[in-house]
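Down below is the structure, laid out as structure tokens.
The values are calculated or read from the model by the stated rules, or taken from the named source; none is laboratory data. Keep in mind the model is a prediction, meaning the values are calculated, not measured. Every residue, glycine among them, receives a Cβ derived from its backbone with ideal geometry; neighbour counts consider all protein chains shown.
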Amino acid sequence: MPYPRRILLAVTGLSPQVLTETLYALGAADGEGTQRFLPTEIHLLTTAEGARLARTALLHPDGGQFHALLADYPQLGRPVFDDARIHVIRDGAGQPLPDIRTPEENACAANAITALMAELTRDASAALHVSIAGGRKTMGFYLGYAFSLFARPQDELSHVLVSSPFESHPEFFFPPATPRRLATRDGRHIDTADARVILARIPVVRLRHGQPRALLDGHASFGATVAAIQHSLQPPRLAIALAQRRVLCGETPVALAPQQLAWLAWWAQNTVQQRGPQTWRNADWPAFLALYRRVVGIDAQAYEKAQERLLEDASEQKFFFQQNNAKLERSLRDQLGPAASPYLLTTHGRRPQTARALALAVQAITLEL
């Protein structure tokens with residue numbers, strides 16, 4: 001695999017063996033013709049109780065199953081997994097959560113998963129394999145959903161399947177190189193040589209491209225992210241209030257610098273007044289300056305500087321037109337992600353006189369001057 005950093009991420013609850021089962025399955029031939037994913041490091045997201053069990057069952061110096069797995073199967077390499085890579089979900093006050101039961105605790109789990117996924121997918125030289133096999137069902141759902149939001153082409157999602165009766169056996173962590181007999185609750189004995197551990201890769205829709213910058217940087221909560229995507233599916237509506245310097249794209253507030261605010265208002269005004277597509281040559285610069293004056297108010301210096309540039313120098317007009325179009329698009333994409341599309345300028349005609357216009361219908365625009 002060409003990525004020097006290969007990360008296995010899993011969630012667990014009270015069954016830490018999910019991690020060793022997944023790692024074992026990754027190292028085995030899966031029969032799908034895909035290249036094996038051999039991680040260089042492992043991260044585990046869990047509750048406080050899950051972390052305690054993982055440390056005891058997996059990392060204990062005497063009998064830890066993670067170390068036993070690597071000893072039995074040296075082809076797995078030496079992936080880094082230690083206490084620093086066990087991430088404990090915390091509540092709003094920063095205290096470790098012992099379990100996830102209430103709606104509030106589920107929200108904390110979703111936010112923790114979202115933040116960790118954003119962090120681990122930020123490294124372009126890394127590939128990520130995510131297992132949704134462990135933890136409570138809501139944790140697996142949140143992890144799969146977060147994978148869909150963040151996954152890049154090199155990332156994978158899977159579930160590990162363990163044959164019965166080994167799936168729920170507390171002493172089964174992987175098929176050891178030397179088979180063992182395990183006692184069941186009903187007094188029977190089972191042989192680990194009969195265990196089957198299969199990795200099921202899961203295809204998923206990848207939505208990372210065009211996501212809001214705050215999400216990719218890990219600064220947006222899971223709930224806010226879902227809400228933003230929901231808004232992107234609603235009919236677009238643009239509301240601009242110049243006096244309040246307020247812009248709403250759908251239901252989402254967008255912060256724009258004064259010049260970009262006036263620039264967007266100018267494009268909206270062109271649409272409302274049905275002026276058609278504009279180029280820098282036929283742009284109504286006095287109309288833009290009038291809107292800019294309303295935004296900057298008593299800041300005469302900013303207004304006079306813009307007025308001097310636009311009314312006296314044609315080359316400045318072209319540069320201003322291109323620069324502000326680019327800045328406006330960047331601001332909208334950074335703040336709205338995929339929801340920005342209806343509010344971006346569309347092109348009309350061919351270079352060098354490419355005209356632009358908002359694609360919004362007049363009825364979708366509210367402009368308060």
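Out of all the residues in segment 57-70, which are without any contact (Cβ under 8 Å) to a residue 40 or more places away in the chain and surrounded by 11 or more Cβ atoms within 10 Å (Cβ to Cβ)?
Scanning segment 57-70 gives 59, 60, 64, 67, 70.
Go through segment 232-254 and give me each residue that's of a type outside the set (D, E, K, R), within 28 Å of the chain's Cα centre (by Cα) and in a loop (DSSP other than H, G, I, E, B).
Those that are of a type outside the set (D, E, K, R), within 28 Å of the chain's Cα centre (by Cα) and in a loop (DSSP other than H, G, I, E, B): 233, 234, 235, 236, 250, 254.
List every residue pair whose Cβ atoms sit under 7 Å apart, with the two residues 6 or more apart in sequence or on different chains, where the first one lies in segment 196-209 and is without any contact (Cβ under 8 Å) to a residue 60 or more places away in the chain and more than 17 Å from residue 154 (Cβ to Cβ) and the second, anywhere, is assigned to a strand (DSSP E or B) and among the aliphatic types (A, V, I, L, M).
200/161
So residue 169 ticks every box in (1) part of a strand (DSSP E or B); (2) surrounded by 15 or more Cβ atoms within 10 Å (Cβ to Cβ) but one. Which box is left unticked?
Every listed condition holds for residue 169 apart from (1).
Could you run through segment 74-116 and say how many residues are in a loop (DSSP other than H, G, I, E, B) and over 30 Å from residue 4 (Cβ atoms)?
Of the residues in segment 74-116, 11 are in a loop (DSSP other than H, G, I, E, B) and over 30 Å from residue 4 (Cβ atoms).
Regarding segment 36-55, can at least one residue be identified that is under 24 Å from the mean Cα position of the chain (by Cα), loosely packed, with under 14 Cβ neighbours inside 10 Å and assigned to a loop (DSSP other than H, G, I, E, B)?
no
Name every residue in segment 117-135 that is crowded, with 20+ Cβ neighbours inside 10 Å and not hydroxyl-bearing (Ser, Thr, Tyr), in order of residue number.
Once the filter is applied, which keeps residues that are crowded, with 20+ Cβ neighbours inside 10 Å and not hydroxyl-bearing (Ser, Thr, Tyr), segment 117-135 yields 117, 118, 127, 128, 129, 130, 132, 133, 134, 135.
Among the residues of segment 278-299, is there at least one that is of a type outside the set (A, V, I, L, M), part of a helix (DSSP H, G or I) and touching a residue at least 40 places away in the same chain (Cβ under 8 Å)?
Among the residues of segment 278-299, at least one is of a type outside the set (A, V, I, L, M), part of a helix (DSSP H, G or I) and touching a residue at least 40 places away in the same chain (Cβ under 8 Å), which makes the answer yes.
Here is a yes/no grid of residues against (1) within 22 Å of residue 208 (Cα to Cα); (2) of a type in the set (S, T, N, Q):
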| position | (1), (2) |
| --- | --- |
| 304 | no, no |
| 307 | no, yes |
| 312 | no, no |
| 317 | no, yes |
| 324 | no, yes |
| 331 | yes, yes |
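Just give me the residues in segment 117-149 being of a type in the set (A, V, I, L, M, F, W, C) and within 20 Å of residue 53 (Cβ to Cβ), in sequence order.
Once the filter is applied, which keeps residues that are of a type in the set (A, V, I, L, M, F, W, C) and within 20 Å of residue 53 (Cβ to Cβ), segment 117-149 yields 132, 133, 139, 143.
Quick one: is residue 316 among the acidic types (Asp, Glu) and closer than 30 Å to residue 230 by Cβ?
no
Checking residue 286 against (1) touching a helix residue (DSSP H, G or I) at 6+ places or on another chain (Cβ under 9 Å); (2) surrounded by 13 or more Cβ atoms within 10 Å (Cβ to Cβ); (3) at pLDDT 85 or above, only one condition comes out false. Which one?
For residue 286, the failing item is (2).
The conditions are (1) among the acidic types (Asp, Glu); (2) closer than 20 Å to residue 129 by Cβ; (3) exposed (fewer than 15 other Cβ atoms within 10 Å of the Cβ), and residue 83 fails exactly one of them. Which is it?
Exception for residue 83: condition (2).
When the residues of segment 255-264 are narrowed to those that are under 27 Å from residue 224 (Cβ atoms) and surrounded by fewer than 23 Cβ atoms within 10 Å (Cβ to Cβ), which ends up farthest from the chain's Cα centre (by Cα)?
The qualifying residue farthest from the chain's Cα centre (by Cα) is 258.
Let's see how each residue does on (1) touching an Asp or Glu at 6+ places or on another chain (Cβ under 7 Å); (2) of a type in the set (D, E, K, R):
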| residue | (1), (2) |
| --- | --- |
| 94 | no, no |
| 112 | no, no |
| 123 | no, yes |
| 128 | yes, no |
| 134 | no, no |
| 139 | no, no |
| 148 | no, no |
| 157 | no, no |
| 160 | yes, no |
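With the structure loaded, tell me whether residue 274 is assigned by TED's automatic domain parsing to the domain that holds residue 250 and either closer than 22 Å to residue 241 by Cα or modelled with pLDDT of 80 or more (or both) or whether it fails that test.
So residue 274 passes the test.
List the number of the failed condition for residue 295; all other conditions in (1) modelled with pLDDT of 85 or more; (2) over 19 Å from residue 256 (Cα atoms) hold.
Single failed check for residue 295: (2).
Taking residue 149 as meeting all but one of (1) surrounded by fewer than 19 Cβ atoms within 10 Å (Cβ to Cβ); (2) assigned to a helix (DSSP H, G or I); (3) modelled with pLDDT under 90, write down the number of the exception.
Residue 149 satisfies every listed condition except (1).
Can you give me the ranges of the strands (runs of 3 or more DSSP E) entirely in segment 312-369 with at least 3 residues that are at pLDDT 90 or above and surrounded by 15 or more Cβ atoms within 10 Å (Cβ to Cβ)?
355-358
Within the bounds of segment 265-275, is there any residue that is in contact (Cβ under 8 Å) with a residue 24 or more places away in the chain, of a type outside the set (Lys, Arg), surrounded by fewer than 19 Cβ atoms within 10 Å (Cβ to Cβ) and in a loop (DSSP other than H, G, I, E, B)?
Scanning segment 265-275, I find at least one residue that is in contact (Cβ under 8 Å) with a residue 24 or more places away in the chain, of a type outside the set (Lys, Arg), surrounded by fewer than 19 Cβ atoms within 10 Å (Cβ to Cβ) and in a loop (DSSP other than H, G, I, E, B), so the answer is yes.
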